[in-house]
Structure formats: structure tokens, C-alpha cells
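The values are calculated or read from the model by the stated rules, or taken from the named source; none is laboratory data. Note that the structure is a prediction, hence the values are computed from the model and not measured. Here the Cβ positions follow ideal geometry from the backbone for every residue, glycine too, while neighbour counts run over all protein chains shown.
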Amino acid sequence: MKSLLILSSSETYRRVLADKLRGSRHSAVAAQTLEEAEEARRKESIDLIVSDWHIVEPTIATLALALKRGTRQVSLIAISENPSKEELIDALNKGADDYCQTPFIDGELDLSLLRLLEARIEARLRFGGTNVIDAGELVIDPDEEKIYYLQREIELKGKPFEVLTHLARNRDQIISKEQLLDAIWEEPELVTPNVIEVAINQIRQKMDKPLGINTIETVRRRGYRFCFPNCSGQTITDK
């Protein structure tokens with residue numbers, strides 16, 4: 001049996017979704033605060049999080065991302081009443097694994113949207129909830145905080161590891177410094193964008209240079225892009 005955690009600022013949405021998603025195949029608990037989520041997690045491990053996602057009011061989304069980072073092998077499905085391209089990009093860039101419309105319309109449960117959400121949940125659970133990123137010769141395991149190159153374990157920890165992981169999870173996308181700060185640092189407003197440059201430099205000095213590989217391209221004025229194995233390692237202008 002898999003365990004689902006429902007995060008929502010609405011008590012009604014939390015209760016109804018937990019009731020509807022709870023069954024013989026899954027258990028489901030609901031939470032609004034960190035304390036409630038931690039209590040639920042102490043009782044049993046969490047396999048998947050379903051969370052409200054709002055760019056304007058990101059409190060619940062921030063909680064969902066913090067729980068995802070702190071829980072092994074957990075997937076996150078972001079849901080929104082008014083899904084937009086901007087929220088989709090925001091959710092996926094920050095670490096959500098999937099994104100869809102909430103099953104509530106004008107406060108009422110829509111059964112067809114509920115079935116869509118259930119299908120998305122089953123698809124993520126079939127995937128296994130694994131966060132392992134396979135880039136061929138380079139394998140990144142976020143849950144164990146380990147990197148393997150040609151099956152040899154590479155030492156890279158802390159923020160450089162998280163930066164590399166986030167870029168690799170969003171491979172071929174250009175991720176700005178601000179997006180990296182929001183996705184990785186719990187209080188991004190308290191640090192400067194220079195910490196990203198420091199983390200990127202550590203990745204290159206501690207991993208890329210010793211191994212003779214390049215994993216990240218600097219895209220001038222836009223950010224960074226994970227592009228292993230087809231990476232020049234140079235600063236480029238992306239028009």
C-alpha cells in the first residue's frame with residue numbers, strides 16, 4: 001500500500017481529496033502546516049505528495065517542496081484551480097514531477113477531473129517514485145546524495161550537489177540564478193546570486209575537471225544548462 005499526503009490551504013479540499021483517494025490500494029492523509037505534515041510522516045513514510053500550487057500565494061507549494069527534499073523517493077504532483085503555462089513552468093522548474101488541474105470547479109468536486117488526477121497518481125507510482133537521474137555514464141541519486149561516473153562514486157555534497165541535481169532534473173532547459181535560489185535555498189532572499197556561481201565552480205573543480213568532463217554550460221545573461229554528455233563547457237550566447 002502506498003501512502004499519499006494531500007497539502008491544501010482549504011480544509012474542505014484536503015478532507016474530500018483524502019477521502020476520495022484513500023482506499024484498498026493507498027492510504028491518504030491531509031495537512032496544511034509543517035507540523036501536521038511531519039506528524040503524518042512520523043506515522044508512515046510518504047510515497048507521493050499532492051499539493052496546491054499558486055504562484056501568488058506560494059506557502060503550501062513551499063511546504064510541499066521542503067517535504068519532497070526531506071523525504072526519500074517521493075513524487076510531487078502540483079494541482080491548481082486555474083492552470084496556466086506560467087504556473088506549469090514554475091512548478092516543474094522548482095521540483096514538481098507533474099502538474100494538473102485541481103478536481104474542484106467552483107468548490108464542487110468534478111469526477112472526470114478526479115479520475116484524471118487518480119491516473120496521474122497511478123502513473124507516478126508505477127514509475128516507482130525514484131528520483132535517480134540517468135544521464136548515461138553519469139548517474140545522480142538525489143535520495144542517497146550520490147553521483148556515479150562509469151560506476152565510480154564521485155564525491156560532491158551540499159549545495160553543489162543540489163544545484164547539479166536540479167539542473168540535471170531539468171536537462172536541456174536554461175535555469176536562471178533566481179530559479180535555482182528559489183528551488184534550493186529555503187530562504188533565498190537572505191543570500192545573493194553569487195552563491196550559485198560558487199556552487200557551479202565547485203562542481204567544475206571537484207567533479208568535471210578531475211574526470212575530464214563537462215556537465216554544465218553557462219548561458220550568458222540567462223543562467224545555466226545541464227547538457228552532459230553533449231556539453232562544450234563554455235560560456236555561450238543563447239539567442
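I'd like to know if segment 31-42 contains one or more residues that are of a type outside the set (Asp, Glu) and out of contact with any helix residue (DSSP H, G or I) (no Cβ under 8 Å at 6 or more places or on another chain). Yes, there is a match, as at least one residue in segment 31-42 is of a type outside the set (Asp, Glu) and out of contact with any helix residue (DSSP H, G or I) (no Cβ under 8 Å at 6 or more places or on another chain).
For GLU144, state whether it is in the same structural domain as PRO193 (by TED's automatic domain parsing), surrounded by fewer than 19 Cβ atoms within 10 Å (Cβ to Cβ) and modelled with pLDDT of 90 or more.
no
The rows are residues; the columns are (1) in contact with a Cys (Cβ under 9 Å, 6 or more places away or on another chain); (2) more than 30 Å from LEU63 (Cβ to Cβ).
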{"site": "GLU162", "(1), (2)": "no, no"}
{"site": "PRO193", "(1), (2)": "no, no"}
{"site": "LYS209", "(1), (2)": "no, yes"}
{"site": "ARG225", "(1), (2)": "yes, no"}
{"site": "ASN230", "(1), (2)": "no, yes"}
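Apart from one condition, TYR149 fits all of (1) of a type outside the set (Asp, Glu); (2) crowded, with 17+ Cβ neighbours inside 10 Å; (3) within 23 Å of LEU65 (Cβ to Cβ); the exception is (3).
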